[in-house]
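Every number here is computed from the coordinates shown, using simple stated rules; none is lab data. Worth saying up front: this structure is predicted, and the values here are computed from it rather than measured. Every residue, glycine as well, gets a Cβ built from its backbone with ideal geometry; the counts of neighbours run over all protein chains shown.
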Amino acid sequence: MNDLIDKLNSRLKIKWDMEVNRIVDLNIEKTNHGYKFYQSELIQKVTNLSPSKITALSPLPHNFQLKSEKSTQFDKEYLKRIGILLYIAQGSRPDIAYAVNYMARFAMCATTEHWTALEHLIAYL
């Protein structure tokens, strides 16, 4: 790594910060006990996409089940939100991983019921 830095510095004027604190919308903070990972800006972005301003206490309602239905429509907005939520679940919010993966199964056949579940999950964030 130092060799690469030296070669780049010989050709370019670059300021190097060897301590990483942000990678692709994943914030990293060093604490006394280790590291803290958070994605508050990305979570704010996905909550701003939602028209609802309610809050929820769990990622999915109790005893909740979705059904797969045939759909001829391809809903890009549903996929966009699922994609962002999958990234958030992987990066800093494992508590939503099951709910997001469950809803991702229905990405190609999203109905009003699926959208309601997605809005509930976003409200949980």
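Compactness of segment 8-50 is given as radius of gyration and Dmax, 15.3, 48 Å, from Cα positions.
Just to confirm my numbers, what's the Cα centroid distance between segment 90-124 and segment 1-41 in Å? If you average the Cα positions of each part, the centres end up 31 Å apart. When peptides 96-102, 46-52, 19-25 are sorted by average Cβ neighbour count within 10 Å, with the highest value leading, the order is 96-102, 46-52, 19-25. By the Cα gyration tensor, the chain has an equivalent ellipsoid whose semi-axes, rounded to whole angstrom, run 38, 18, 12 from largest to smallest. Once the Cα atoms are used to define both axes, helix 76-91 deviates from the longest principal axis of the chain by about 50 degrees. How much net charge surrounds W115 when only other residues with a Cβ under 10 Å from its Cβ are counted (Lys, Arg +1; Asp, Glu -1)? Spelling it out: positives minus negatives among the neighbours equals -3. Near I28, once Lys and Arg are set to +1 and Asp and Glu to -1 for all other residues with Cβ below 14 Å from its Cβ, the sum equals -2. L49 sits among other residues whose Cβ lies under 11 Å from its own Cβ, and their net charge, with Lys and Arg +1 and Asp and Glu -1, is +1.
In what sequence do W115, W16 fall when counting other Cβ within 10 Å, fewest first?
Values: W115 15, W16 7.
Going from least to most buried by this count: W16, W115.
For segment 69-125, which GluC sites (Glu not before Pro) are both in a DSSP coil and crowded by at most 15 other Cβ atoms within 10 Å? Counting only loop positions with at most 15 other Cβ atoms within 10 Å, the GluC sites (Glu not before Pro) in segment 69-125 are E69.
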